[in-house]
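The block underneath contains the structure these notes are about, expressed in structure tokens.
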Amino acid sequence: MREIWFVDGYNILGAEENKEGLSIDHARDRLADKLADFSGFTNIEIVLVYDGHHVKNNKGSETMVSGVRVVYTQAEETADQYIERQCALLSRERCTVRVATGDGMEQHMILGLGALRMSAKELIQTLRQAKRQRRQMQEKTRQKGYLFHHLDGETLEALERIRVPQTGKETQ
């Protein structure tokens, strides 16, 4: 079943610790990268929404960044309003919708629209956990080695007889 997550970008950035003192542009790019990594690993569709309502005459924008749809809302529209509208539209479709935000009021609103909620802290933990799982899977893949390391003894013997014919036996 299709699963879509809406992420309130500035809300998540506000909840994340910015220990490196990143600029807002760099922080937005880094969040998009983390979400793209997560989306690629889980096959969950991600829509990252930023408020653009404070910018006069802003028509809004929507772009794809490494598989993540990044939306800047238009003038007079908040990220919350955009997310609520999309949740209402998607409620008619057969899909799972989840909203990641630290805004308690927004969490209650989207529950009423049939979406699942996730706090900013939960999203950050989920992204970290998925990254660890992906790394563990990659490590297991590296450790597996060659195919013959996983064959039973009988099969190994048969392959060895094919590879190195026994001497002293005549071939016909």
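Please treat every number below as a calculation from the coordinates, not as lab data. Quantities reported herein were computed from a predicted structural model and do not represent experimental measurements. FYI the Cβ positions are ideal-geometry reconstructions off the backbone, even for glycines, and counts take in every protein chain you see.
What to note about this one:
- Residue that is surrounded by the most Cβ atoms within 10 Å (Cβ to Cβ) [pool: residues in the range 88-128 that are part of a helix (DSSP H, G or I) and either touching a Phe, Trp or Tyr at 6+ places or on another chain (Cβ under 7 Å) or of a type in the set (S, T, N, Q) (or both)]: Leu127
- Residues of the range 44-71 that turn out to be touching a residue at least 24 places away in the same chain (Cβ under 8 Å) and polar (S, T, N, Q), as a count: 1
- Considering residues of the range 1-53 that are of a type in the set (Phe, Trp, Tyr) and closer than 15 Å to Leu127 by Cα only, the residue surrounded by the fewest Cβ atoms within 10 Å (Cβ to Cβ): Phe41
- When the range 62-88 is limited to residues that are of a type in the set (A, V, I, L, M) and over 22 Å from the mean Cα position of the chain (by Cα), the one that is nearest to Asp37 (Cα to Cα) turns out to be Ala88.
- Residue among Ile4, Ile12 that is of a type in the set (A, V, I, L, M) and in a strand (DSSP E or B): Ile4
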